[in-house]
């Protein structure tokens, strides 16, 4: 068994070795002209270009301020089926919203062709239409309709 002095001497030696630990050099890459390259391999011209380059920073107040005016739906087109279990809640929500709209039964030939034209893949699908008749948004449940805030 080692004595206390031997353990303290070994510990002091390990602490001294820890202070002189050196790792391997880290290679730093930077993008200067279209591609990343190791900084140590830059020629004099690249080093000068890097030292004189400008970094553009936009004021934090301007970031993300671009927004669109909210578009309010003018009407809706609801695609349903007779066997659809989720269609009645969506139909009730839309009828209570006060928006004018059309309910399309995709079990009919005309309804199926209209669904294909609008790329409707499931029922219920409510197409919310703008004043010009263009599609603003789609919803498949009352929760999604509330998110659109008709």
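The values are calculated or read from the model by the stated rules, or taken from the named source; none is laboratory data. Because the structure is a prediction, the values reported are computed rather than measured. With ideal geometry, Cβ positions are generated from the backbone for all residues, glycine too; neighbour counts draw on all protein chains shown.
Kindly indicate the residue of region 136-150 that is within 20 Å of the chain's Cα centre (by Cα) and assigned to a helix (DSSP H, G or I) and also nearest to residue 70 (Cα to Cα) among those meeting that condition. Only one residue fits best here, namely 148.
Criterion applied to 13, 5 was being over 40 Å from the mean Cα position of the chain (by Cα), surrounded by 10 or more Cβ atoms within 10 Å (Cβ to Cβ) and at pLDDT 85 or above, and the one residue passing it is 13.
Residues 104, 148: which one is more than 16 Å from residue 72 (Cα to Cα) and touching a residue at least 12 places away in the same chain (Cβ under 8 Å)?
Answer to the selection: 104.
Within region 71-91, the residues that satisfy the criterion of being surrounded by fewer than 14 Cβ atoms within 10 Å (Cβ to Cβ) and under 16 Å from residue 128 (Cβ atoms) are 71, 72. Among the residues of region 117-126, write down those that are free of Cβ contacts under 8 Å to residues at least 24 places away in the same chain and under 25 Å from residue 143 (Cα atoms). Selection gives 119, 121, 122. For residue 70, the stated conditions do not hold, so it cannot be described as farther than 18 Å from residue 137 by Cα, outside any helix (DSSP H, G or I) and at pLDDT below 80.
Note on region 104-135: residues that are buried (at least 17 other Cβ atoms within 10 Å of the Cβ), in a loop (DSSP other than H, G, I, E, B) and within 25 Å of the chain's Cα centre (by Cα) total 1. Take the conditions assigned to a helix (DSSP H, G or I) and in contact with a strand residue (DSSP E or B) (Cβ under 9 Å, 6 or more places away or on another chain) and apply them to residue 95. Does it pass? Criteria met by residue 95.
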